[in-house]
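Heads up, the thing below is written out as structure tokens.
What follows is calculated from the coordinates using simple rules that are stated; it is not laboratory data. Because the structure is predicted, anything quoted here is derived from the model rather than measured. Cβ coordinates were reconstructed from backbone atoms using ideal geometry, including for glycine residues, and neighbour counts include every protein chain displayed.
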Amino acid sequence: MYRNDVAVVYIGLSVIGALFFFALGYLIRKYHAKKKLKNAEDKAKKTLEVAKTDADKIKHEAELQAKDLLLKMRTEFENENKERRQELVILEKRLIQKEENLDRKVDVLDRKEKDIDKRDHGISEKEKQITVKDKELEALLREEKEKLQNISGMTRDEAKQLLLKKLEDEVKQEAAIMIKRTEDEAKEKADKEARKIIGLAIQRCAAEHAVETTVSVVSLPSDEMKGRIIGREGRNIRALEIATGIDVIIDDTPEAVILSGFDPIKREIAKLALERLLQDGRIHPGRIEEVVEKIKKEMENSIREEGEKALFDTGLHGMHPELIRLLGRLKYRTSYGQNVLQHSKEVAYLMGVMASELKLDFTLAKRIGLLHDIGKAVSHEVEGTHSKLGSDLARKYGEPENICHAIEAHHQDIEPKTLLAVLAQAADAISASRPGARRETLETYVKRLEKLESIADSFKGVEKAYAIQAGREIRVIVQPDKITDAQASVLARDITNKIEEGLEYPGQIKVTVIRETRAVEYAK
């Protein structure tokens, strides 16, 4: 009995121990499971953080690539725009050159027409003299015919042939001498008064020799400012070029920046804006755009002031405000290097002097001279010749019809109907052809001299031709055995006509034909 109880106790203890160890194992396994779960959660968090870091890096790299691509596309776009602007500048330059070539051709046609008028006048006088000479020849022929018939017994036809052959050379010689004398007398009389009036006008017109270029130079306080002008990745210099339309050139020139552009107004705006930015010290794209816009408004006021100053200098008044503004714009236009506003003021002065000498309306003449090139203020924006555009503008803004007509006729676009229109042509030619008024390149100058000499050398009997006086005179040496004194005058006129037809030049060219006769003997 006792043993049974002990066995029950042992069995109970065994069960209790088993339950204890089971519970202990359960608790241990649960603890390990929680620990593994926590480790898994920590590992998952670390994995998420690494993934998030990688995602941020990928996003940042993508943003950098997008910025680089945007910068590259913007640079390509700006380069393309810059090339197109350069093409437009070249095209505008070609159009202006064509316009100036047309102006010079019109001047040549004008001179030809004047020469034709002079020749017609000389020919009418010559015809009268030839008529008198013909009557003398008829009387001489009758007298010679009677003598020949009485003395030699020759027939009428034989005597006629002999007499004509005898007089042929004499008539040619006298005709050439008569033509030269008649032309010289007509020219001397007509040119004497013209030279007097034009010379007086030129003497009383003291003109400045203005030189316009296609670049402007801005001085810098130090070379360190070049970096600030360029800006980070060139954003400042690009902003300035886009806002003004002018190329900004930064090179090795010490303490200087070069602004290059064909439009003088835009170039002046860029220069003033850059100078103001340097004074202010704040240089960034936003500030650049703000300053450029402000300078543009100030430039409009300056242009209007220049127009008003031109009116004041010429003593005129009562002009439409828009015409005054267009006059101010002419300060920033050039023709062969000659400032158009200065040229217009010169023409106004010259026309005023000549009108006074001819007893014409002094004020009206100066008004025509000042407005004669007003069309050049818009000729690069609107199709048409500057003389036609100028007359349309003058008519639009209330100028009298005689002023509009003179403006349109000053380059022979239409036939001049008034004396003031003719004076406008003369004053315009004087101002454009005076020494120092216009520039031409060395290559053009040399080609013109060579062309001038080749034209003279193309005539028979010419031994050698020399262009002198900077192409304003050509001296032609002829062979004396082939060209007579009378033929030399005819040759000079023929060379002059061919030069006018085949060569473009400012002013006038003097043609001098030299015939040398040498008598050689030997003492033995």
Calculated SAXS-style log₁₀ I(q)/I(0) at q = 0.09, 0.10, 0.11, 0.12 Å⁻¹ - region 1-140, Debye, Cα scatterers: -0.80, -0.85, -0.89, -0.93
ALA256 long-range amide H proximity, modeled H, under 5 Å: LEU220
Protection proxy ranking of 328-334, 364-370, 70-76 - average other beta-carbon atoms within 10 Å, highest first: 364-370, 328-334, 70-76
Kirkwood-based shape ratio for region 355-415, expressed as Rg/Rh from alpha carbons: 1.00
Per-peptide average of other Cβ atoms within 10 Å, ordering 18-25, 493-500, 98-105 highest first: 493-500, 98-105, 18-25
Filter on LYS331/LYS396; LYS34/LYS59; LYS105/LYS128 - keep pairs with C-alpha separation over 26 Å: LYS34/LYS59; LYS105/LYS128
Förster-model FRET efficiency, 51 Å R0, SER458 and ASP313, C-beta, rounded to 0.05: 0.60
For region 258-413, average projected area of the Cα convex hull in nm²: 10.7 nm²
Total formal charge among the other residues, if their Cβ is under 10 angstrom from that of ALA426, Lys/Arg +1 and Asp/Glu -1: -1
ASN339 long-range amide H proximity, modeled H, under 5 Å: ALA210
Calculated diffusion of region 449-522, Stokes-Einstein form, Kirkwood radius summed over Cα pairs, 20 °C and 1.002 mPa s, µm²/s: 169 µm²/s
Translational D in µm²/s for region 1-43 (Stokes-Einstein at 10 °C, 1.306 mPa s, Kirkwood Rh from C-alpha pairs): 125 µm²/s
